[in-house]
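As structure tokens, the structure follows; a few thoughts come after it.
Values in this text are rule-based calculations from the coordinates and carry no lab data. All of these numbers come straight from a predicted model, not from anything done at the bench. Reconstructed Cβ throughout: ideal geometry from the backbone, glycine too, with neighbour counts over all protein chains shown.
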Amino acid sequence: MSLTTLPVRQVLMALVLLPALYLDFAIYQAGNVWIALAFLIVIAFGAYIYLRREAYPFRYLFPGFLGFGLFVIFPLVYTVCIGFMKYSSQNLLPYDRALELLLQETYLSGDVSYHYQLFAQDAGKYILVLQDMKDPGRRFASEPIDLKAGQQSGASESVTPVTPIAPGTQPPGKPLEMAQVTREKLFIPMRGRQFSLPDKTIVTLEGLARFAARQRLYTLNPDGTLTNRRDGSIVHADPQQGYFVNQKGEKVGVGFRTFTGFDNYVRILSDPRIQGPFLRIFLWTVAFSIFSVLGTFATGLLLAVVLEWKEIQCRKIYRTLLILPYAVPAVLSILIFKGLFNQEFGAVNAFLRGIFHFAPEWETNPWGARAMILLVNIWLGYPYMMLICTGMLQSIPSTIYEASAIDGSNALVDLFKITLPLILPPLFPILISSFAFNFNNFNLVYLLTAGGPKMVGGGIAGETDLLVTYTFNLAFRDSGTNYGLASAIATILFIMVGVLAWANLRIGGRNVKM
Amino acid sequence: MSDGSVEIKDLVKTYVDDRGRPTFTAVKKINLLIQNGEFMVLVGPSGCGKTTTLRMVAGLEKITSGTISIGGRVVNDLEPKDRGIAMVFQNYALYPHMTIFNNMAFGLQLAKKKKDFITETVGRTSKALGLDKMLERKPQALSGGQRQRVALGRAIVRNPTVFLFDEPLSNLDAKMRVQMRSEISRLHGQLGSTMIYVTHDQVEAMTMGDRICVMRDGNIMQVADPITLYRKPENVFVAGFIGSPPMNLLKGKIEQRPEGLVFTEMGEKAGLTIPLKPPVADLASRYVGKNIIFGIRPEHITEECTATCVPVESSVDIAEPMGSESLVYLKAGTGTLISRIHGEHIYHMGQPITANINMEKVHLFDTETEKVIR
Amino acid sequence: MAFPSLKTEPARVSNLRDRSTRRHRLTHEQRLLIRKVLAHAFLLSFLAIVLVPFIMVVSASFRQGNFAPSRLLPDKVSLDHWKYVLGIPYTEVVNPATGETRVVKPVVPPLLWFWNSIKVSCLSSAGIILLSGTAAYAFSRFKFKFRTPILSSLLILQMFPMVLALVAFYVILDFTGTYVKWLGLNTQAGLIMVYLGGISSYIWMIKGYFDTIPASMEESARIDGASPFQTFVRILLPVSIPIFAVVFILSFIGYMSEYPVASVVLQTGNNWTLAVGANSFLYEQEKLWGRFAALAVLSGVPITVVFMLCQRFVIGGLTSGGIKE
């Protein structure tokens, strides 16, 4: 047995290992040294686990842990880290990139201008020839370069050197007329490019017809500050603001992301523009979760109890149909309800108007919207509770009810004195998980109301926003993109739900054998 | 057939938790030699370490220290499949998703045996067990007894030198159990292989074993053939465990009285006082004034008196007539004595009766060591 | 069972004896009847609340024009929405005054989204089973250091909402995409990879089932000469098919409904899943209810039917723990 399995395993290992190592090498070559190193460690761990006997149980755990680590633990750690950073649409780039952009800034220097001419080569390549306007003897030519008509070249395009050519000589190829250059929009790709003369002067296209010398605006000093060559001012990076600032305190260039410690948390607690909405949203989130759990549980239990009554005909049909909200994909149900609760044209208001001459404002009134969200969530969630309660009810021996009937009990007494005390303890962990699930019930709120109606003076916060949707909007909606603040809230959220899950595990641990 | 002797030397099993910290010791340095072809029964109350010992022989449980040899070869580090053993489990452990044929053939298939060989072997074995009609069925379709036979067949097919049984009959009803008991005994006669059989049922142990190993709390209390075990228990535990109803055990003292040596029972009320006659009196003379346990089996308390009997006045508490005999619970001294009396009479509660204790059959045990006094 | 008092004899006997109140009280049978009628009325009205939304969606899908679901039967029947969803071109009157028409054909047939969702959900669920099944086996059958703490932390860490990890997902996929094209942003393989992280509740579920399977079966296989891997594949897996069915269905339905991650990872219409596509019909400015309804019916019905058929399995799995997400 072992003789036949051993080579198979080693061959399989080689088949997985070689591409992985190749990939790792590619990552390393691209300059991501740390990621390559981390990946290499993972590969080494994998190899160890699958080749050595003593790590046997981990052969079964490794793939799962890999997925879990990459898509649960890493995002978690990443988010917690961002929570300590100033990181938003204004402070988007890493410091290095922001500095690079600043260093690439140029200004017109000197007054030398050049005529230019393009010589067409094969396969969309062109040679650029420059001629000094004042001194026609100074002529330069580039290597053949790619110019795609109408397409802007990327900013990362490297600088193309040009070399002097003797007066009177012509590069190969057909020279283009100025009109041709404009018609074929060749000036657009040229605009992004920089060409350097032998004396290191950078020349770029200015306007349509001429090239002029440009110089870098900033020079990097040894102490990390930058000197503005035009006005001689000193610019330094301010990690607290995530910006480069000059001596006058004015921001220069683009912002960069930066570690600011507990700033985001302090903002959540003290900045009235955030603290106010945060507190209200937190309270609503808790209330929503509690009422959702109670509502779904009460409805589910009531239906389960009624359906356990053996005297009722067609119990099976009822039960099957009542599970429907659980069987239909929730996204579809939520969107359907979005239509039904439409304030003007929806079925709910048509019905209420017809019977009670009363049409609640489900979309514009905060309380109406909250009521709608709870109603829809109970509709979505009661079948699960009904299923669970049915299972629990059926596990209670019927002799208990027979005994209580002999003792002179009735249905209500049975429910509150026998059924509930019997099913609540085993149900408790399920109720807690349900609470935690609703605490983060993103789909429902995001798809049904998108948090609306807007909270007065709450920025992007909405009256029905849960903490998750609020955080999501803060991070991803066009108006927000404040990743740092969103991540800080996400961390708080995780701690709250995590503690709940831990407590649940402790309580349930007595019933669940690990 | 290869040598199926099993030798267990200084065997210890200590369980550890997830982190490798020891939790409790199930087997405490036991030694046992099982001869080739012997039917050895391990018996004892639950938690005595008998199943753990068997599982270590099978290789399902890691050995903490000591050695196990099968056929003279130390098997401590061998995989179960390489030990030449087969095992029958309490819950049969049949593979529910496989047919009976595949259940029995699984091991042979894994060993990459030829197809013809597998078909032939499984066919022969199933025929011998009366299973040949149901080879294509799944285990759910079988009765308990049939499932047990499949489990047996699966073991036989492996052609092991040692069979291991882990309480194989405890899931069967009483009638089926008796039938399977004799079937396993017959199998032992036919195959002549070594068999190690774990049970908590002392009746099963007595009826099946060539020798019986009684265990308690991870220790071996006595290893002997059934008759020796019954007649000459080494200690109080074996005396109380083997036999049904169990031996009457009275706690008391040996005293020197004018009329000779007597045993006096301890208790708040007046305990029994039993005058001792030879041969017991000779043993007791060394224990004058000391605590002692006095043991007598129910069948040795009779109505008729033999030459070495001592009469005890008592009254009937409960009587359980069984037809050929009656179990009579006698009120005597502080407690009750159980006697097994030939059942010609009907006894009434409170009826006075003179019980005669056969002094030749009395066992005396040291209270401190719990060992028999010889 | 929950109403055993209805069957109580003592109450009835006392009724008959108590002559003075007898006339005012109903007999046992009459009371039973009233209760039954009430119970049926309650159940039927509840059923109406459950079923009416679905009926209205079906009606909206056949109704001409894009109206929010509000009628049990469509006033003007039209198959245009269905044609649109199935990708069949149809002509639409643009200007009723001039009778000017145009041919409408979706750039991406919405049916493709349904197919994408099935694909993504099936592959993710299969992957989930593979990862959580093997991990559950290790947790259930092997002893190793920190087994219990790892098991608990799995459950706690999973509480971190996936929605809020989107920045990290974006970064990871952006990174992988630069080296492995088909695993980057805007790829379904990338989305599946992200989904494979959500295994911990399923590990618990499967482990719970494995724990109920007696170990002696695997020990027997071990004596028969099976390696742990052979035991896992040939003995434990076939026996555990019911729990794998439950996990598959639950995770399938969960991923069918997953919106936020899919909406960020998948950027172009031809890659969208059902959830993203269905929501795309309902812009703030123009809500295309008819088209949405047709798509909802088309994709919701098969999933619902499959779920109902597997109901017994699923209920058994639910009561053993775990919650639909």
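Structural remarks
- Note on the range A:306-422: Kirkwood radius taken over Cα pairs, Stokes-Einstein applied at 20 °C and 1.002 mPa s, translational D equal to 124 µm² s⁻¹.
- When cysteine pairs in the protein assembly as shown are screened for C-beta atoms closer than 4.7 angstrom, the residues that find no partner are A:Cys81, A:Cys314, A:Cys389, B:Cys48, B:Cys213, C:Cys122, C:Cys310.
- Amide H contacts of B:Val312 (H built 1.01 Å from N, under 5 Å, at least 5 apart or other chain): B:Ala355, B:Asn356, B:Ile357
- Neighbour counting of Cβ atoms within 10 Å sorts the residues B:Val16, B:Val57, fewest neighbours leading, into B:Val16, B:Val57.
- Residues whose amide H lies under 5 Å from that of B:Ile301, counting only those 5 or more places away or on a different chain, are B:Arg340; hydrogens are built 1.01 Å from N in the peptide plane.
- Annotation for A:Ala209 and A:Cys81: the two label points, set 7 Å from Cα along the Cα-Cβ direction, are 5.5 nm apart.
- 10 Å Cβ neighbours from other chains, averaged over peptide B:103-115: 3
- Across the range C:154-161, computed HN-Hα scalar couplings (Karplus, 6.51 cos²θ - 1.76 cosθ + 1.60, θ = phi - 60°) run 3, 5, 6, 5, 5, 5, 5, x Hz from first to last residue, x flagging Gly and Pro.
- With only the Cα atoms considered, the range A:272-513 has a convex hull volume of 168 Å³ per residue.
- Ranked list, fewest to most other Cβ atoms within 10 Å of each Cβ, for C:Arg102, A:Arg210: C:Arg102, A:Arg210
- Distance distribution P(r), the range B:266-374, all Cα-Cα pairs, bin width 10 angstrom from 0: 14, 43, 32, 10, 0 percent.
- Going from the residue with the fewest nearby Cβ atoms within 10 Å to the one with the most, A:Tyr48, A:Tyr483 rank A:Tyr48, A:Tyr483.
- By the Cα gyration tensor, chain A has an equivalent ellipsoid whose semi-axes, rounded to whole angstrom, run 66, 33, 25 from largest to smallest.
- Couplings 3J(HN,Hα) of the range C:134-144, computed from phi: 5, 5, 4, 4, 4, 5, 7, 10, 10, 10, 8 Hz, in residue order, whole Hz [Karplus 6.51 cos²θ - 1.76 cosθ + 1.60, θ = phi - 60°; x for Gly and Pro].
- FRET efficiency for A:Asp132 and C:Ala126, using Cβ-Cβ distance with R0 set to 51 Å, rounded to 0.05: 0.15
- Taking Lys and Arg as +1 and Asp and Glu as -1, the other residues whose beta-carbon sits under 10 Å from that of A:Gly242 total +2.
- Ranked by the mean number of other Cβ atoms within 10 Å of their residues, highest first, the peptides A:10-19, B:320-329 fall in the order B:320-329, A:10-19.
- Separation in nanometres of the label points that stand 7 Å from Cα toward Cβ, at B:Thr336 and B:Met176: 3.3
- For the residues of A:460-469, the average number of beta carbons from a partner chain within 10 Å of their own beta carbon is 1.
- Across the range A:457-465, computed HN-Hα scalar couplings (Karplus, 6.51 cos²θ - 1.76 cosθ + 1.60, θ = phi - 60°) run x, x, x, 8, 6, x, 5, 9, 4 Hz from first to last residue, x flagging Gly and Pro.
- Positive-end residue of C:Val264, C:Ser299, C:Ile88, charge dipole of chain C with Cβ unit charges: C:Ser299
- Rounded Å value of the spacing that divides the Cα centres of the range A:285-345 and the range B:103-155: 51
- For A:Thr258, the amide hydrogen comes within under 5 Å of the amide hydrogens of A:Lys86, counting only partners 5 or more places away or on other chains and with H modelled in the peptide plane.
- Divided by 2.2 N^0.38 Å, where N counts the residues, the Cα radius of gyration of the range B:172-236 comes to 1.20.
- Calculated log₁₀ intensity ratio I(q)/I(0) where the Debye formula runs over C-alpha points of chain B, q = 0.13, 0.15 Å⁻¹: -1.05, -1.22
- Binning the alpha carbon pair distances of the range A:52-147 at 10 angstrom intervals from zero yields the distribution 12, 16, 17, 15, 15, 14, 8, 3, 0, expressed in whole percent.
- Relative to one another, the C-alpha centroids of the range B:321-336 and the range A:11-79 are positioned 75 Å apart.
- Note on A:Val245 and A:Leu220: the extension gain reaches 7.6 nm, defined as 0.36 nm multiplied by sequence separation minus the Cα-Cα distance.
- Here, chain C yields an orientationally averaged convex hull projection of 28.6 nm² when only Cα atoms define the hull.
- The range B:25-62-the range C:187-246 distance, computed between alpha-carbon centres (Å): 32
- Average projection, convex hull of the Cα set of the range A:391-437: 3.6 square nanometres.
- Degrees between helix B:115-128 axis and first principal axis of chain B (Cα, 0 to 90, nearest 10): 30
- With respect to chain A, whose longest principal axis is taken over its alpha-carbon atoms, helix A:33-51 is tilted by about 50°.
- Radius, Kirkwood style, for the protein assembly as shown when every pair of distinct Cα atoms is counted (Å): 38.6
- Compared with the dominant principal axis of the Cα atoms in chain A, helix A:95-104 is inclined by about 30°.
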